[in-house]
Amino acid sequence: MVDQPMVVVRGEALRDVPPELAVVSVTAMSRDKDRQTVQARLAERADRVREVLDAYREAIEKRETSGVQLYPEFKRGERVSVYVANVTTTVTVTDFGVLGDLMLRLGALEQTRIAGPWWQLRPASTAGAEVRREAIAEALRRAREYAAAVDAEPDRLVEIVDEGADGGAPRPMMMRTAAFHAEAADAAPHLDIEPQLQTVRAAVVVRVAITPPANFPTGPETTGPETTTGPETTSPETTGPETTSPETTGL
């Protein structure tokens, strides 16, 4: 039985899509020689951060405390020179229109550090599924082209192998552009932030069985060497001496 011919092709698709989430990190800090003073100030500054975030509740999907530190810094052996404390909150924002203002208000707080935004797509983003469909369509198109080149047609899909698509993984995330605007000297500053497009990639390998090629070139016909027999050999007729029984006569 002859195996059915098959083509193996690769399909890839890329698309730049707007991000769906922006992640911001805000850290409230405190530093003093007295341990209790450090703790009290840190609690106050963490409350100020919470108040600002409460004002943007509708734009925030979630906020989480991602780290708390309180440690002494030493000088000359075991002598404590100062105590340092900080608490970090990770904020996930969905309304990019207020993101710049939120970051400015957080950055205006005393002894507070902000970082971000880091742009992301949701894990279940439809962008990844759409790109994967495009990659498969591209692979099947190429399979039809290869089949047509040998006067054949696609017969059945045998296998689809995902090469490990990004599926929505974001680029290295950073603040792309930012600008301060103020209409008057005493006006509150405004920060414009442009979301960074996210590159979504998918790549697949597809195996497609095709019909037998109609006019596929074949090599020259090959036949085995003609086999002949040697000269006919006959065995000489062997006869023994004629033997006759002696005639027996009666006396």
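Results, tabulated for the structure shown:
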item: Hits in the range 181-219 (condition: open to solvent by 50 Å² or more (accessible area, probe 1.4 Å), part of a strand (DSSP E or B) and modelled with pLDDT of 60 or more); result: His190, Asp192, Arg201, Arg207
item: Qualifying position, being under 30 Å from Leu157 (Cβ atoms) and out of contact with any helix residue (DSSP H, G or I) (no Cβ under 6 Å at 6 or more places or on another chain), among Leu21, Leu14, Leu42, Leu53; result: Leu14
item: Any chance Arg48 is closer than 30 Å to Ala137 by Cβ and among the basic types (Lys, Arg); result: no
item: Condition met for Asp101 (touching a Leu at 6+ places or on another chain (Cβ under 8 Å), acidic (Asp, Glu), open to solvent by less than 90 Å² (accessible area, probe 1.4 Å) and touching a residue at least 24 places away in the same chain (Cβ under 8 Å)); result: yes
item: Lone qualifier among Ala22, Ala13 - being of a type in the set (A, V, I, L, M, F, W, C), touching a residue at least 24 places away in the same chain (Cβ under 8 Å), farther than 22 Å from Ile193 by Cβ and open to solvent by less than 40 Å² (accessible area, probe 1.4 Å); result: Ala13
item: Qualifying residue in the range 29-50 (condition: under 14 Å from Thr89 (Cβ atoms) and open to solvent by 90 Å² or more (accessible area, probe 1.4 Å)); result: yes
item: Set Gln4, Gln69, Gln36: member being polar (S, T, N, Q) and closer than 30 Å to Ala148 by Cα; result: Gln4
item: Pick from the range 120-142, criterion hydrophobic (A, V, I, L, M, F, W, C) and not in a helix (DSSP H, G or I), ranking: nearest to Glu61 (Cα to Cα); result: Leu121
item: All positions within the range 138-147 that are among the aliphatic types (A, V, I, L, M) and either open to solvent by 50 Å² or more (accessible area, probe 1.4 Å) or without any contact (Cβ under 8 Å) to a residue 24 or more places away in the chain (or both); result: Leu140
item: Given (1) open to solvent by 80 Å² or more (accessible area, probe 1.4 Å); (2) part of a loop (DSSP other than H, G, I, E, B), index of the condition Gly77 fails; result: (1)
item: Selection count, the range 105-137, where residues are surrounded by fewer than 17 Cβ atoms within 10 Å (Cβ to Cβ) and within 13 Å of the chain's Cα centre (by Cα); result: 2
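The values are calculated or read from the model by the stated rules, or taken from the named source; none is laboratory data. Bear in mind that the values here come from a model prediction, so they are computed numbers and not experimental data. We place every Cβ from the backbone using ideal geometry, glycine too, and count neighbours over all the protein chains shown. Just so you know, the surface numbers come from the protein's heavy atoms only, side chains and all, with ligands and any DNA or RNA stripped out. Shrake-Rupley method; radii C 1.70, N 1.55, O 1.52, S 1.80 Å.
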